[in-house]
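Asks: One structure is given below, represented as structure tokens, and several questions about it will come after.
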């Protein structure tokens, strides 16, 4: 698979099973030379449940999920190999800022975090929420500080209520298919 085909895959909602299958068959060795494991799939699925179809930065966030366990100094090379160089600054900022919020100890530090990451705070909070799997008080406070309280509340609600776009049909005893979250 080349970078153009991979881009089409990442741009498609619900494509993680296809990405995972292509990776497992070694089709992605040139565009995504990383290790995918269950944690990546879980975070990817949560991200898709949270944002729906209309969030502008969903494509670079999907790629950030696929790359977030890699060494920061490898990110420019990996983003370029995947064919997404135009998203390198956003991916760098999201992965680079990931985890900082967990270290904040009070309102002043949360305010400083929200201010420091203002350019991509929405993307960073979406990534944090997808990674954690639930909203934390620090996330809520950072969202409020960044003027994203309503959006963040909607994202957290979607995480809890929207079925997985990556669900695979399962067979019932009757032979009928059902969606599995």
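Taken together, the values in this text are just the output of simple stated rules run on the coordinates, not laboratory data. These figures come from a predicted structure and were not determined experimentally. Positions of Cβ are generated from backbone atoms using ideal geometry, with glycine treated the same way; all protein chains shown enter the neighbour counts.
Asks: Which values, in whole Å and largest first, are the semi-axes of the equivalent ellipsoid of region 3-167 obtained as the square root of 5 times each eigenvalue of the Cα gyration tensor?
Replies: Details: eigenvalues 143, 63, 32 Å².
Result for region 3-167: semi-axes of 27, 18, 13 Å.
Asks: Mind grabbing the base-10 log of I(q)/I(0) for region 68-124 at q = 0.12, 0.31 Å⁻¹? Debye formula, identical points on the C-alpha positions, no solvent, two decimal places.
Replies: Ignoring solvent entirely, the Cα scatterers give -0.32, -1.24.
Asks: Here is a further query. Divide by every residue of the chain the summed helix terms, -39500 (n - 2.57) for each DSSP H run of at least 4, and state the resulting mean residue ellipticity at 222 nm, rounded to the nearest 500 deg cm²/dmol.
Replies: Working: 10 runs with 104 residues, N = 181.
The helix contribution divided over the chain gives -17000 deg cm²/dmol.
Asks: I would also like to ask the following. Provide the packing ranking of 118-131, 62-75, i.e. peptides ordered by the mean count of other C-beta atoms within 10 Å per residue, highest first.
Replies: Values: 118-131: 21.8, 62-75: 18.4.
Top of the packing list down: 118-131, 62-75.
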